[in-house]
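**Q** The structure that follows is given in the form of structure tokens.
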Amino acid sequence: LATTMLIAPSYPGSVEQFYDLYERLTDLLESDDEDILDNQVQPAFFHPRWSFDGEPDDAPIHFEKRAPLPVINLLRRAQLDQARSGRDIGEI
């Protein structure tokens, strides 16, 4: 699988708590001490009320991380890197 989406339609926490989860999971997955996944997974988080600090409330940039429901998207880093490089994904 290239990606796994974890969708939480009944997530009980606030956007701030979701951001805390984002920070903890990202720190864990990118830690040098994490040897099971070996930095092979890139998490991407989306939330209906996500916003970037220092931006006006109506700034379009907020929609970059918004979704109708809270979502954690787990991406395979190798395929993400390949997509960024412009190579055909089918070559993996």
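The values are calculated or read from the model by the stated rules, or taken from the named source; none is laboratory data. Quick caveat, the model's predicted, so the values are computed rather than measured. Neighbour counts are summed over all protein chains in view; Cβ atoms, including those assigned to glycine, are modelled from backbone coordinates with ideal geometry. Just so you know, the surface numbers come from the protein's heavy atoms only, side chains and all, with ligands and any DNA or RNA stripped out. Shrake-Rupley method; radii C 1.70, N 1.55, O 1.52, S 1.80 Å.
**Q** To the nearest 20 Debye, how big is the dipole of the chain about its Cα centre, given +1 on the beta carbon of each Lys and Arg and -1 on that of each Asp and Glu? Present the calculation step by step, with values, prior to reporting the outcome.
**A** Details: 8 positive and 18 negative charges, 105 e Å.
For this selection, approximately 500 debye.
**Q** Within segment 21-92, list the chymotrypsin sites (Phe, Trp or Tyr not before Pro) lying in a DSSP loop whose Cβ has at most 15 other Cβ atoms in a 10 Å radius. Before the final figure, lay out each step's value.
**A** On the way: sites: Tyr22, Phe45, Phe46, Trp50, Phe52, Phe63; in loops: Trp50, Phe52.
The qualifying sites are Phe52.
**Q** Take the alpha-carbon positions of segment 17-56, form their convex hull, and give its projected area averaged over all directions (one quarter of the hull surface) in nm².
**A** Numbers: hull surface 14.4 nm².
Averaged projected area of segment 17-56's Cα convex hull equals 3.6 nm².
**Q** At 1.4 Å probe size, with the rest of the protein present, what percent of the exposed accessible area of the chain is carbon and sulfur atoms? Write down the numbers at each step before the final one.
**A** On the way: 3480 of 6610 Å².
Its accessible area is 53 percent carbon and sulfur atoms.
**Q** For the chain, treating each Cα as an identical point scatterer without solvent, what Debye log10 I(q)/I(0) comes out at q = 0.15, 0.16 1/Å?
**A** -0.70, -0.78
**Q** With a 1.4 Å probe and every protein chain left in place, work out the accessible area per residue of the chain in Å², rounded to a whole number. Don't jump to the answer; show the numbers that get you there.
**A** Numbers: 6610 Å² over 92 residues.
In whole numbers, the chain has 72 Å² accessible per residue.
**Q** Compute the distance in nm between two label points, each set 7 Å from the Cα along the Cα-to-Cβ direction, one at Gln79 and one at Ser10.
**A** 2.9
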